[in-house]
Amino acid sequence: MKRVLVAGGAGFIGSHLCDAIINNGDQVVCLDNLITGSKDNIVHLLDNPRFDYIEFDITNVNILKLIKDKYDKIDEIYDLASPASPVDYILYPIETLTVGSFGAKNLLDLALHYGSRILMASTSEVYGDPLEHPQQEEYWGNVNPIGIRSCYDESKRFMEAITAAYIRKYGLNAKIARIFNTYGPRMRLNDGRVVPNFISQALNNQDITVYGDGSQTRSFCYVSDLVNGLILLMASGLNTPVNLGNPDERSVMDFAKDVVGMLPTKSKIITTALPKDDPQRRKPDITKAKKHLSWSPTIGFKEGMQLTIEYFKKRLR
Ligand SMILES: NC(=O)c1ccc[n+]([C@@H]2O[C@H](COP(=O)([O-])OP(=O)(O)OC[C@H]3O[C@@H](n4cnc5c(N)ncnc54)[C@H](O)[C@@H]3O)[C@@H](O)[C@H]2O)c1
């Protein structure tokens, strides 16, 4: 049985990853400071003897002693800890920068100590407002280093840089997943991301607010597909960044229309100002994940959206 540490395990993606690891018969040590996550996401796991939950901030250097004193071995570490929506990281810019730097370093040191594999959750935001389309892993990005989103983009770029340094200097078996927009149950209704925004506005019969003219594109990956990709990447021999996302690209305006079509709602679609540094196009090139991990998304947009809408309906009841 493997023991797997999941930092950020009480968050949206992290909690689904904890479920998948437990379902595989392994043990989970879930670390989270609940800055953007919630115990509601893992409440069903708390009584499981193969699940330990520790409320802790991974930027605190005492994490090394805490874990070393408690566990003789850790086989794998997933670092998913970070505010992840624009609303969250603009509210917590310093916390976002420190978790991607000090927090990431603490977990890399933990992986060195145990000789464990480690996977860092990076993001398509490292490509910034991309000048190449679709984005391949070789593309270096177009990021404003002092812009409103830079606390997130540069934090993740630092995380990638320090991970690459640990791989080069110590031969650490580390992985970098560049995650593109992911959606599904357990997203927060008010996290400001486009999927919960539109669904909750439609369910509440409020205007659906599209930023700009809605021609900007996003590619949405259902969470179970993403989690499968993370597990395959962890098991792989790859030590260079890998895009994980769904290449099914659609404009934000089309997405708003899709949501209206899927729900009995009186909502009207309206347009508002485009936030600063909002990326115009987002579509992963997943050739590398297909080739090396035999991974590609399996849940179609309609199916994934129905599952997500059902979850939000229950939350709003
Ligand atoms: N959801 C997406 O579309 C997406 C896209 C790209 C990258 N990612 C990355 O995937 C990871 C998970 O994202 P998510 O959407 O599940 O976000 P989330 O906010 O739901 O989950 C992040 C979790 O990390 C925890 N956390 C934050 N700082 C911490 C700290 N210092 N110590 C301990 N725990 C801390 C939060 O409390 C939360 O539970 C993040 O690293 C994010 O950058 C997500």
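What the table below lists for this structure:
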{"item": "Those trypsin sites (Lys or Arg not before Pro) in the range 73-161 that DSSP places in a loop and that have at most 13 other beta carbons within 10 Å", "result": "LYS73"}
{"item": "Packing-based ranking, highest mean first, of 54-66, 241-253, 3-15 given that Cβ atoms within 10 Å are counted", "result": "3-15, 241-253, 54-66"}
{"item": "Accessible area per residue in Å² at 1.4 Å probe, computed on the range 79-142", "result": "40 Å²"}
{"item": "Span from the the range 58-129 Cα centroid across to the the range 202-260 one, whole angstrom", "result": "23 Å"}
{"item": "Long-range tail of P(r) for the range 9-93 (Cα pairs > 17 Å, %)", "result": "48 percent"}
{"item": "Choice from ALA273, ALA104, ALA235 with maximal GNM fluctuation in the chain (Cα, 10 Å cutoff)", "result": "ALA273"}
{"item": "Rg/Rh (Cα only; Kirkwood hydrodynamic radius) as it applies to the range 129-206", "result": "1.09"}
{"item": "When each of LYS70/LYS313; LYS73/LYS156; LYS68/LYS175 is checked by Cα-Cα distance, pairs over 30 Å", "result": "LYS70/LYS313"}
{"item": "Compactness of the range 148-193 as Cα Rg over 2.2 N^0.38 Å, two decimals", "result": "1.55"}
{"item": "Candidates ILE299, ILE42, ILE179: whichever shows maximal mean-square fluctuation once the chain is modelled as a Gaussian network with Cα springs under 10 Å", "result": "ILE299"}
{"item": "Stokes-Einstein D for the chain, Kirkwood Rh over Cα pairs, 25 °C, 0.890 mPa s (µm²/s)", "result": "124 µm²/s"}
{"item": "Aspartates and glutamates with Cα under 12 Å of LYS39, excluding same-chain neighbours fewer than 8 positions away", "result": "GLU55"}
{"item": "Among THR209, THR182, THR271: highest mean-square fluctuation, GNM of the chain, C-alpha pairs under 10 Å", "result": "THR271"}
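The values are calculated or read from the model by the stated rules, or taken from the named source; none is laboratory data. Predicted model only: the values in this text are computed from it and were never measured. Heads up, the Cβs are rebuilt from the backbone with ideal geometry, glycines too, and the neighbour counts pull from every protein chain shown. Side chains are part of the model used for accessible areas, which takes the heavy atoms of the whole protein and leaves out ligands, DNA and RNA. Shrake-Rupley method; radii C 1.70, N 1.55, O 1.52, S 1.80 Å.
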